[in-house]
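The block underneath contains the structure these notes are about, expressed in structure tokens.
Readers should treat all values here as calculations from the given coordinates under stated rules, not as data from a laboratory. A quick note: this is a predicted structure, and the numbers were derived from the prediction, not measured. Cβ placement follows ideal geometry from the backbone for every residue including glycine, while neighbour counts extend to all protein chains displayed.
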Amino acid sequence: MSVASLEATSSHVLDNPAWAALTGPHAHFAEFPHARPGASRGTLIARAARYPADVAPFHAISDEDDPRAWADLAALVGPGGSAAVSGVAGPPPGWEVLQAGQGVQLVDTGLLAEPDPEAVRLGPADVPEILDLIARTRPGPYLPRTVELGTYLGLRHRGRLIAMAGERLHPPGWTEISAVCTDSDHRGRGLATRLVRAVAAGIKERGEQPFLHAAADNTDAIRLYESLGFALRCRTAFALVRNTGAAAVEETA
């Protein structure tokens with residue numbers, strides 16, 4: 001799997017950010033299905049990919065309208081396997097929807113990005129504390145190796161981690177701000193704002209642009225992000241789908 005021969009199908013890189021990340025800056029994390037017969041040695045013709053299960057729960061396909069992408073995803077997860085995918089209106093035959101939801105994607109249009117002198121870089125040694133904070137605040141999925149996806153910053157009070165935010169999906173030219181959360185005893189002090197601005201400062205220093213996602217019904221978070229200078233780019237859908245194996249698709253290179 002030294003080379004990936006991949007298809008660009010989206011009109012904008014943020015239309016399919018997980019795919020763009022897994023076939024771009026996060027390619028070293030990507031797990032692909034088996035190579036097809038006829039592929040050159042060391043080349044993988046891939047239309048589906050995923051992060052390792054302990055890094056992030058996301059799967060991605062190159063084009064939801066391409067049956068070959070769904071065939072690759074089926075090969076990747078196996079019979080009865082499930083996949084968390086975004087931007088999918090509805091899966092084809094051979095798949096069932098286990099969960100579904102709606103979200104929004106926001107992009108930076110006027111964010112004041114600035115470092116925070118009190119924010120500390122979080123790493124693998126901080127994962128137990130991170131997971132504890134995530135469990136108490138529930139900002140979204142965070143796994144033992146999620147910290148490897150990018151820079152995560154935290155704020156401490158008397159040595160205890162009370163707020164954090166960091167970088168997750170990394171399509172070319174863009175970085176997603178994620179895991180924005182604050183302990184309930186320390187809310188209302190602007191800690192999330194400080195951390196979003198600090199994470200964004202690091203992103204912009206690399207010449208990239210920040211973006212983020214939120215559940216469509218999380219109106220408090222959306223209002224906060226809009227007040228900081230983010231604007232709605234699009235509405236998104238996400239689903240957990242299971243491979244029932246009821247339909248087979250002929251694979252072609």
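Stretched out straight at 0.36 nm per residue, the stretch from Gln209 to Leu131 would grow longer than its current Cα-Cα span by 25.4 nm. Over every Cα atom in the chain, the radius of gyration and the widest Cα-Cα span, Dmax, amount to 18.8, 60 Å.
What ratio of Cα Rg to 2.2 N^0.38 Å holds for the stretch 96-138? Relative to the rule-of-thumb radius for its length, the stretch 96-138 sits at 1.80. Shape class of the stretch 169-253 from the Cα gyration tensor (axes a ≥ b ≥ c, square roots of the eigenvalues): prolate, since a/c reaches 1.5 or more and a/b is larger than b/c.
Ordering of 154-164, 65-75 by packing is 65-75, 154-164, highest average first (other Cβ atoms within 10 Å, averaged per residue). The long axis of helix 67-77 is offset from the longest Cα principal axis of the chain by roughly 70 degrees. A simple spin-label model places the labels of Val13 and Asn218 2.3 nm from each other, with each point 7 Å out along Cα-to-Cβ.
Per residue, the Cα convex hull of the stretch 107-236 amounts to 109 Å³. Using the Cβ-Cβ distance between Ala27 and Ala231 with R0 = 25 Å, the FRET efficiency computed as 1/(1 + (r/R0)^6) comes to roughly 0.30.
Across all Cα atoms of the stretch 57-172, the radius of gyration (one decimal) and Dmax (whole number) stand at 18.1, 54 Å. Compared with the dominant principal axis of the Cα atoms in the chain, helix 219-228 is inclined by about 70°. Compactness ratio for the stretch 56-111: Cα radius of gyration over 2.2 N^0.38 Å (N = residue count) comes to 1.33.
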